[in-house]
Amino acid sequence: MSNKKQIVMLVDLDYFFAQCEELRNPSLKEKAIVVGVYSGRTHESGAVSTSNYVARKHGVSSGLSLYLAKKKLENYDAVFLPVDYEYYKRISDEIMLDLKSYSDLFEQVGIDEAYLDVSVRTQGSFTEALILAKKMKREIKKRIGITFSVGIGSNKLVAKIAADSNKPDGITLVKTERVKQFLASLPVTRLPGIGKKTSQRMNDLGIKTISDLSKYDIQKLVDVFGRNLAVYFHNASLGLNRDAVHKTIDVESISRISTLKENTRDLIILLEKTNELISSIHKDVINKSLKFKRIGIIVIMADLSIRSKSKTLVNYSNHFGLLERTVQNLINSFLVESEMEIRRIGVKVSQFIPDEKKQKQLSSYF
Ligand code: TTP
Ligand code: MG
């Protein structure tokens with residue numbers, strides 16, 4: 001890491017799915033909007049995916065059952081809408097592309113969040129970073145119509161906690177010399193990686209605030225949480241975090257497909273073909289320094305119908321043998337399920353992360 005001052009922003013799109021619904025139908029703005037995943041057989045089973053701030057005022061937020069949400073909102077003007085992921089993704093893609101252009105390094109995390117390293121273009125100046133954040137908010141609001149909240153700090157951890165502390169449509173800047181003070185009175189649950197269970201265990205130790213955590217004997221923390229977590233918690237409580245902003249990978253998938261000499265169901269012939277495809281895909285993956293998590297086969301049958309089958313790995317990998325074995329298993333089980341001859345066969349890998357040879361910081365696993 002360079003010695004120059006690092007400045008990181010975290011952008012979190014406000015009440016995102018619900019805000020997208022307001023965008024396409026502004027007349028909903030004054031109403032409570034609940035975007036829900038309808039899971040079951042009855043009209044009301046399912047959970048709230050997100051809601052706008054009108055609905056939140058009445059106690060309706062992510063995770064609540066739709067049944068309870070309806071009850072809480074029965075006396076108010078409310079609309080219940082199903083998740084339209086494709087539409088939200090289109091808007092997210094557009095915003096992310098814009099956000100990227102304001103950064104030196106850009107890392108998207110999920111559909112509505114991204115880290116921007118702006119150290120170079122602001123020359124390490126928080127004042128410049130604040131001007132940049134305001135400009136970014138103004139221009140994206142004007143061009144796309146969506147608001148978001150920004151946290152600015154000297155690392156990802158501080159930027160993230162800062163963004164969470166002023167929503168919606170907020171900007172929070174925490175200068176390095178103010179970090180300790182800023183964190184001190186916050187509950188430990190505000191630190192990424194500290195959920196219900198961990199905070200309960202900390203509570204049992206008398207640790208409630210981040211300040212409590214920072215003063216707690218580190219050896220005792222090690223005894224309870226193990227060395228890695230204890231060190232992370234201790235450093236995090238002081239606002240220390242060395243995680244770099246990782247460049248987001250633009251590639252969504254890498255695939256190859258090929259026509260067989262003649263239609264067949266012969267495993268040996270199929271594997272000969274897929275092994276060629278795998279070699280070529282694997283080269284590509286290594287050249288781009290990627291690891292993948294999902295492996296699939298694409299099968300075009302004699303009647304030209306298309307089928308596919310895939311498997312998600314437990315861990316990210318770019319291991320040749322694992323790719324080979326997984327494809328073989330997929331083909332094997334495909335042949336059991338179908339009786340028709342195969343005309344073309346393809347292999348595809350997706351869900352990438354950068355292959356960083358060096359050990360990642362613990363916090364990046366949260
Ligand atoms: P969040 O950023 O957690 O929530 P939000 O954008 O709706 O609200 P905020 O203004 O507090 O940032 O999540 C982003 C999207 O992810 C959210 O719009 C819907 C989806 N989501 C779920 O589907 N289920 C959940 O439990 C949560 C928390 C989010
Ligand atoms: Mg959000």
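The values are calculated or read from the model by the stated rules, or taken from the named source; none is laboratory data. What you see is a predicted model, and the numbers here were worked out from it, not measured in a lab. Cβ placement follows ideal geometry from the backbone for every residue including glycine, while neighbour counts extend to all protein chains displayed.
Computed values, structure above
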| quantity | calculated |
| --- | --- |
| Test for K180: is it modelled with pLDDT of 95 or more, basic (K, R) and within 30 Å of S103 (Cβ to Cβ) | yes |
| Verdict on E44 being among the charged types (D, E, K, R) and out of contact with any Phe, Trp or Tyr (no Cβ under 8 Å at 6 or more places or on another chain) | no |
| Count - residues of segment 169-186 that are more than 20 Å from N155 (Cβ to Cβ) and surrounded by 15 or more Cβ atoms within 10 Å (Cβ to Cβ) | 0 |
| Scope segment 3-61; condition in a strand (DSSP E or B) and among the β-branched types (V, I, T); matching residues | V8, V11, I33, V34, V35, V37, V48, T50 |
| Of all residues making up segment 125-179, the number that are small (G, A, S) and part of a helix (DSSP H, G or I) | 5 |
| Flag for R325 being touching a residue at least 24 places away in the same chain (Cβ under 8 Å) and outside any loop (DSSP other than H, G, I, E, B) | no |
| First in segment 305-316 and within 28 Å of T259 (Cβ to Cβ), second anywhere and polar (S, T, N, Q) and not in a strand (DSSP E or B), Cβ under 6 Å, 6 or more apart | K311/T326 |
| Complete set of residues in segment 290-322 that are among the polar types (S, T, N, Q) and either assigned to a strand (DSSP E or B) or surrounded by 14 or more Cβ atoms within 10 Å (Cβ to Cβ) (or both) | S308, S310, T312, N315, S317, N318 |
| Pairs, first at positive phi and modelled with pLDDT of 95 or more in segment 43-70, second in a helix (DSSP H, G or I) and not small (G, A, S), C-beta under 8 Å, six or more apart | G59/K72 |
| Unique match (being within 13 Å of ligand 1 (Cβ to nearest atom) and under 23 Å from the mean Cα position of the chain (by Cα)) among Y87, Y115 | Y87 |
| Which listed residue, of S199, S258, S211, is in a strand (DSSP E or B), modelled with pLDDT of 95 or more and either surrounded by fewer than 17 Cβ atoms within 10 Å (Cβ to Cβ) or not charged (D, E, K, R) (or both) | S258 |
| Residue check for L205: more than 30 Å from E22 (Cβ to Cβ) and surrounded by 22 or more Cβ atoms within 10 Å (Cβ to Cβ) | no |
| Index of the failed condition, T147 passing every other in (1) touching a Phe, Trp or Tyr at 6+ places or on another chain (Cβ under 8 Å); (2) among the β-branched types (V, I, T); (3) within 16 Å of ligand 1 (Cβ to nearest atom) | (1) |
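Residue by residue, here is whether (1) out of contact with any helix residue (DSSP H, G or I) (no Cβ under 8 Å at 6 or more places or on another chain); (2) loosely packed, with under 15 Cβ neighbours inside 10 Å holds:
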{"position": "S39", "(1), (2)": "yes, yes"}
{"position": "E44", "(1), (2)": "no, no"}
{"position": "L68", "(1), (2)": "yes, yes"}
{"position": "K71", "(1), (2)": "yes, yes"}
{"position": "D77", "(1), (2)": "yes, yes"}
{"position": "Y87", "(1), (2)": "no, yes"}
